[in-house]
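**Student:** What follows is a single structure, and I will ask about it in a moment.
The values are calculated or read from the model by the stated rules, or taken from the named source; none is laboratory data. Fair warning: this is a prediction, and the values are worked out from it, not measured in the lab. Virtual Cβ from ideal backbone geometry, glycine too; neighbours counted across all protein chains shown.
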Amino acid sequence: MLRGLFALREPAFDRARGRTGRVVVAAAVVLLAGQVAVVDGLREPVTALGVALAAWAAVRVVSLMILERRQLDFAPGWLADRSASLRTSEFEVVRLTADDRTYDLNDADSTAELLRRAGDARLVLDFAYPPANLERTHRRMRDVHIHAVLRPGTPATVRFPDARYGLDPTGRRTFWLLGEPVLVTAAAPAGRAATRGGTGSRDRPGAAHPAGARPPGTT
C-alpha cells in the first residue's frame, strides 16, 4: 500500500523524495495564497485546499521514511541469500582461452594440455548465465582450480565459491564480485581423474568439488 503512494516499482527513493518536496512547496504556496487572497470568498476554500495538500505532503513524508527503513532492513538479507545461491551455482563453460589459445574443456586431451600450463598464464573464461547471458572473467592460471573428473563430452562447468552480490549507491542495481578461487570441472584424461590447481599443486581436500542473477558486471 505504501508503495502505491509513490508509484514505486523499484527503490527509486531520490525520485520519490523530489516529488514529495514539490507537494510540500505546493501546499505552502496555496496556504500563503489563502492568507493573502484579496477576495474574501476565496480565502476559505483556498486555505482548505492548502491544508489538504499539507496533510497529503505529511503522509508522503512519513510513508517514504517507513519505506526507506524497510528497504534498508530488507536489502542485506536479500543480498546474503542471493550471494549464498551464487556461491553454490554451477555455470556451463562456453569457452576458455589461455594466452590467446583456446582449450576445449569437454575434451580430455585438451584438458590435459591445459593442466600443463604455467601458473602465470592468462586465462579468459566465458560462461553461460541463465537464461541466455554470456559472462566473462579474467584470471591467472594459478587462481583457477581445475577438477578433471568428468567423462569426455560432458559439459564443463565453473563455480565461484567466494562470490557475492553487492548493491550500487543508488540502491537500484545489483552487481557481483566473483572472487577467488575459480573452480572448473572438466573432462578427465583417459584412464584417470586429475585434480589440479593452477600452480600445479594438488588441491587440498577442502577445495574438492562440491555439489553445486543478474545487473549487471563480472570481475
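**Student:** I'd like the residue in segment 28-60 that is modelled with pLDDT of 70 or more and β-branched (Val, Ile, Thr) and, out of all such residues, is nearest to ALA16 (Cα to Cα).
**Tutor:** Applying the filter and picking the extreme gives VAL59.
One line per residue, one yes/no per condition, for (1) hydroxyl-bearing (Ser, Thr, Tyr); (2) in contact with a Phe, Trp or Tyr (Cβ under 6 Å, 6 or more places away or on another chain); (3) loosely packed, with under 14 Cβ neighbours inside 10 Å:
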residue: GLY77; (1), (2), (3): no, no, yes
residue: TYR103; (1), (2), (3): yes, no, no
residue: SER110; (1), (2), (3): yes, yes, no
residue: ALA118; (1), (2), (3): no, no, yes
residue: LEU125; (1), (2), (3): no, no, no
residue: ALA132; (1), (2), (3): no, no, yes
residue: HIS138; (1), (2), (3): no, no, yes
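**Student:** Quick check: anything in segment 103-116 within 17 Å of TRP176 (Cβ to Cβ) and touching a Lys or Arg at 6+ places or on another chain (Cβ under 7 Å)?
**Tutor:** So far as segment 103-116 goes, no, none of its residues is within 17 Å of TRP176 (Cβ to Cβ) and touching a Lys or Arg at 6+ places or on another chain (Cβ under 7 Å).
**Student:** Just to verify a result, which residue in segment 140-186, among those that are polar (S, T, N, Q) and buried (at least 16 other Cβ atoms within 10 Å of the Cβ), is nearest to the chain's Cα centre (by Cα)?
**Tutor:** Applying the filter and picking the extreme gives THR174.
**Student:** When you go through (1) assigned to a helix (DSSP H, G or I); (2) at pLDDT 85 or above; (3) in contact with a helix residue (DSSP H, G or I) (Cβ under 7 Å, 6 or more places away or on another chain) one by one for SER63, which number turns out not to apply?
**Tutor:** Only one criterion is unmet by SER63, namely (2).
**Student:** Looking at ASP120, ASP109, can you tell me which residue is among the acidic types (Asp, Glu), in a helix (DSSP H, G or I) and touching a strand residue (DSSP E or B) at 6+ places or on another chain (Cβ under 9 Å)?
**Tutor:** Going through ASP120, ASP109 in turn, the sole match is ASP109.
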